[in-house]
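Structure record follows, encoded as structure tokens.
The values are calculated or read from the model by the stated rules, or taken from the named source; none is laboratory data. Because the structure is a prediction, the values reported are computed rather than measured. For neighbour counting, all protein chains shown are included, and Cβ atoms are generated from backbone atoms with ideal geometry for every residue, glycine included.
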Amino acid sequence: MTSPAAETSPESAPAGALGRLVDSLGVRGAPKGLPPVERWNPAYCGEIDMRIAADGTWHYNGSPIARPALVRLFSTVLRKDPERFVLVTPVERVGIVVEDAPFLAVEMAVDGEGDARQIAFRTNVDDLVQVGPEHPLRFETDGTGGVKPYVLVRGDLWALVTRALALDLIALGEERGQHFGIAVGGAFVEIAPATALDAPA
């Protein structure tokens, strides 16, 4: 699957939420394509000392990677295998540690209301995704009972929605029957059972 950031140029940007995010990237949204990592199957070469922290920071040999362009480059060859996250090239495959999700959703655009609502996200590595069947939302709870939203970017690589955006996202929620959730892209995504809203703090 190719991300919208790889498919869309500012000159041909779609309307709505996704189009606004493409415009915000300017030349960075120009089509570049993504390596076909899903088709590469080189030998596994073991782990390297690379870690994606829960806050989205990439570390190598214990130190943060300071160059955003290098992080974006690594992100294009990241893949989730059944056993682990790997960086993969045609000739080698190495394991890395991902503490939570490999990406962060750091910007959100919303158009419309109810079932016609569109929501698009930009990640910390400039992937653009519009919530829908290919880029679903999911909600989990953390150890304190808080809600953590995620959006699928590609493959089995998810982006954690930052806390500030999560609050904005949940503010769009509504009760439907026994569920509290958010309407987006013609679907209703459950956030929590409606009964949880009445639970004591």
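Of note:
- Subset of segment 92-135 [over 17 Å from V184 (Cα atoms) and surrounded by 23 or more Cβ atoms within 10 Å (Cβ to Cβ)]: P102, F103, T123, V125, D127
- Failed criterion for F139 (all others in (1) touching a residue at least 60 places away in the same chain (Cβ under 8 Å); (2) farther than 28 Å from R39 by Cβ hold): (1)
- Here A164 passes the criteria (1) touching a strand residue (DSSP E or B) at 6+ places or on another chain (Cβ under 6 Å); (2) free of Cβ contacts under 8 Å to residues at least 60 places away in the same chain except the one numbered (1).
- For segment 161-183, the criterion of being within 16 Å of the chain's Cα centre (by Cα) and either farther than 30 Å from L73 by Cα or surrounded by fewer than 13 Cβ atoms within 10 Å (Cβ to Cβ) (or both) is met by at least one residue.
- Looking at L70, L87, L137, just one residue is touching a helix residue (DSSP H, G or I) at 6+ places or on another chain (Cβ under 9 Å) and modelled with pLDDT under 95, and that residue is L87.
- The set of residues from segment 121-134 being within 19 Å of G56 (Cα to Cα) and either out of contact with any Gly (no Cβ under 7 Å at 6 or more places or on another chain) or aliphatic (A, V, I, L, M) (or both) comprises F121, R122, T123, V125, D126, D127, L128, V129.
- Candidate set: segment 83-92, residues that are of a type in the set (A, V, I, L, M) and not in a loop (DSSP other than H, G, I, E, B); chosen: the one nearest to T141 (Cα to Cα): V86
- Residue within segment 41-63 that is modelled with pLDDT under 95, aliphatic (A, V, I, L, M) and closer than 16 Å to V153 by Cα present: no
- Of the criteria (1) closer than 30 Å to A187 by Cβ; (2) touching a residue at least 24 places away in the same chain (Cβ under 8 Å), which one V86 fails: (1)
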